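Worksheet: the structure to be examined is printed underneath.
Every number here is computed from the coordinates shown, using simple stated rules; none is lab data. This structure is a prediction, so every number in the text was calculated from the model and none was measured. Note that each Cβ is placed from the backbone with ideal geometry, even for glycine, and that neighbours are counted across all protein chains shown.
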Amino acid sequence: MAKVFIGVGHGGADNGAVANGLKEDNLNLAIALACRDELARHDVTVGMSRTKDEADPLADEIKECNAFAPDYGVEIHNNAGGGDGVEIFHHYGGGKGKTLAQNVINEIVAIGQNSRGLKTKRNSDGRDYYGWIRQTTAPAILVECAFMDNKNDIAIIDTAAEQRQMGIAIAKGILKTLGIKWVAEKEPATANTKKLYRVQVGAYSERKNAEEMQKALKAAGFEGVIVN
Ligand SMILES: [Zn+2]
């Protein structure tokens, strides 16, 4: 069974970016929980670095991810500091992480976010800059969903429904990479879509015979409908 580990950026006293009344640690968590639920709905086994607002340093997240031994590791963040759009970091050598990053960014663009593209970042020693990518054993990506200080981005990330939509988009990209077909959630049954059980009392080639049966039903206290 496929396994995915979701790292939830920041938490506890470490709020990450703070802008427009949003705290990044809480925003990351809302998106991550939606992503987890969508993956779990498709029978993916999901591990998370945290499922509530608590301190969870990056070093611990990396340890937890490696202990979980997932197929992929996905770290969720949001940006600030003057930019507009989603960007996703992957291992500078490309590989499976880059494929995952491409599939995830495609799904985020599909919900209306603009893309700043896939990115790599290296230290002066040539290794990956982000510990999440450098020190995780599984192919890993770091998603910067949106800029919390950009009004275009805020418009697609500041409500619970939008955060859920972002989490589902990330999940869709992960599922595609895992080779799992995404299926839409079934709508709850309403009066209009409820299955109806119909009772048939006869079938006639002559309409008058059908009308006679309708009369007989009425006399017996039932309402009959003629269908042809
Ligand atoms: Zn962050």
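For the chain, modelled as a GNM with alpha-carbon contacts under 10 angstrom, which of 195, 186, 208 fluctuates the most?
Fluctuation is largest for 208.
Give the Rg (one decimal place) followed by the Dmax (whole number) of the chain, computed from C-alpha coordinates and expressed in Å.
In Å, with Rg to one decimal and Dmax whole: 26.0, 93.
Name the residue, out of 140, 80, 210, whose mean-square fluctuation peaks in a Gaussian network model built on the chain with Cα pairs under 10 Å.
210
Which one of 139, 154, 203 is farthest out on the positive end of the charge dipole of the chain, using unit charges on Cβ (Lys, Arg +1; Asp, Glu -1) and the Cα centre as origin?
203
Please give the charge dipole size of the chain, origin at the Cα centre, charges +1 on K and R Cβ atoms and -1 on D and E Cβ atoms. Round to the nearest 20 debye.
For this selection, approximately 1000 debye.
With Cβ to Cβ distances under 10 Å as the rule, what net charge do the other residues near residue 132 carry (K, R +1; D, E -1)?
In short, -2.
For the chain, what is the calculated [θ] at 222 nm in deg cm²/dmol (nearest 500), taking -39500 (n - 2.57) for each run of four or more DSSP H residues and dividing by its residue count?
It comes out at -11500 deg cm²/dmol, rounded to the nearest 500.
When the Cα centres of region 120-157 and region 198-220 are compared, how far apart do they sit, in Å?
The distance from the Cα centre of region 120-157 to that of region 198-220 comes to 71 Å.
I want to check the label-to-label distance for residue 45 and residue 196. Put each point 7 Å from Cα in the C-beta direction and report it in nm to one decimal.
Spacing of the two 7 Å Cα→Cβ label points: 4.7 nm.
Would you mind counting up the charge near residue 165? Only other residues with Cβ under 13 Å from its Cβ, with Lys and Arg at +1 and Asp and Glu at -1.
Net of charged neighbours comes to -4.
Please arrange 205, 49 by how many other C-beta atoms lie within 10 Å of their C-beta, fewest to most. Could the numbers behind the result be given before it?
On the way: 205 6, 49 26.
The order, fewest Cβ neighbours first, is 205, 49.
Report the antiparallel proportion of the DSSP beta bridges in the chain as a percent, rounded to a multiple of 5.
Counting DSSP beta bridges with both partners in the chain, the antiparallel share is about 30 percent.
Is the C-alpha gyration tensor of region 176-228 telling us rounded, prolate or oblate? Criteria: a/c under 1.5 is rounded; beyond that, a/b larger than b/c is prolate, otherwise oblate. Mind dumping the intermediate values first?
On the way: a/c = 6.33, a/b = 3.13, b/c = 2.03.
It comes out prolate by the Cα gyration axes.
Please identify, among 63, 194, 181, the residue showing maximal mean-square fluctuation in a Gaussian network model of the chain using a 10 angstrom Cα cutoff.
So, out of 63, 194, 181, the one fluctuating most is 194.
With 10 angstrom as the radius, rank 54, 75, 187 by how many other C-beta atoms surround their C-beta, starting from the fewest.
Details: 54 13, 75 28, 187 7.
The most exposed by this proxy come first: 187, 54, 75.
Collect residues whose amide H, placed 1.01 Å from N in the peptide plane, falls under 5 Å from the amide H of residue 85; neighbours closer than 5 in sequence don't count.
For residue 85, the qualifying residues are 147.
Take every Cα pair under 8 Å in the chain that's 6+ residues apart, average their separations, divide by the length, and report that relative contact order as a whole percent. Write out the running numbers ahead of the final one.
Details: 413 pairs, mean separation 52.0, N = 228.
It rounds to 23 percent for the chain.
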